């Protein structure tokens, strides 16, 4: 899934951020995009089609001894958000949902695989429990600290175009480039060039820090 999403971002430069969990990925297009003249149907069908193709293409790399048993498919939709805070709220919700689902599944399968409960019994054990209760079950019964579980599963996959400043006299790198004037400066030396690199992270995107370090995600 992560590899397919990275391929999609490499192909479409206007995708500046992606977030994935389980079998879902969300992509953020820069608000100034003119991709396919902003035709919703064209964008969603093309991106969904390429994502599916990349998923199938890379499958043997990750599961060389387990061929696909049937052709996978993904659906897609486009949502227009009116402001920056709405976008942040959406991605915050996605990451919160990742945590909720992973915590439940982690405790559920611990009860089944290590606790000897049937799936029906495990569901009954967890029915009505809050986050603290699930943490307590993991710790007291299975000696598992939830915070020690890989951030990939707790926080999901964050794929972002990171900007890397470089001097103008360097040879042009393979990555995408942006050249911007610094305010109040007109000379050639005042220009700052950026090359972007697609990075896979497993980090917090709910707090301000992630967005403050990457202001161009929402401003362009």
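Annotations
- Residue in the range 72-89 that is surrounded by fewer than 12 Cβ atoms within 10 Å (Cβ to Cβ) and touching a residue at least 24 places away in the same chain (Cβ under 8 Å) present: yes
- Taken over the range 101-123, the residue count meeting the criterion of being in a helix (DSSP H, G or I) and either assigned by TED's automatic domain parsing to the domain that holds residue 23 or loosely packed, with under 12 Cβ neighbours inside 10 Å (or both) is 3.
- The condition (being closer than 30 Å to residue 28 by Cα and over 20 Å from the mean Cα position of the chain (by Cα)) is satisfied by just one residue among 106, 125: 106.
- Residue match in the range 49-58 (condition: out of contact with any strand residue (DSSP E or B) (no Cβ under 8 Å at 6 or more places or on another chain), surrounded by fewer than 18 Cβ atoms within 10 Å (Cβ to Cβ) and not in a helix (DSSP H, G or I)): no
- Condition check for residue 91: closer than 21 Å to residue 44 by Cβ, modelled with pLDDT of 95 or more and part of a loop (DSSP other than H, G, I, E, B): no
The values are calculated or read from the model by the stated rules, or taken from the named source; none is laboratory data. Keep in mind that what you see is a predicted model, and the values were worked out from it rather than measured. Neighbour counts are summed over all protein chains in view; Cβ atoms, including those assigned to glycine, are modelled from backbone coordinates with ideal geometry.
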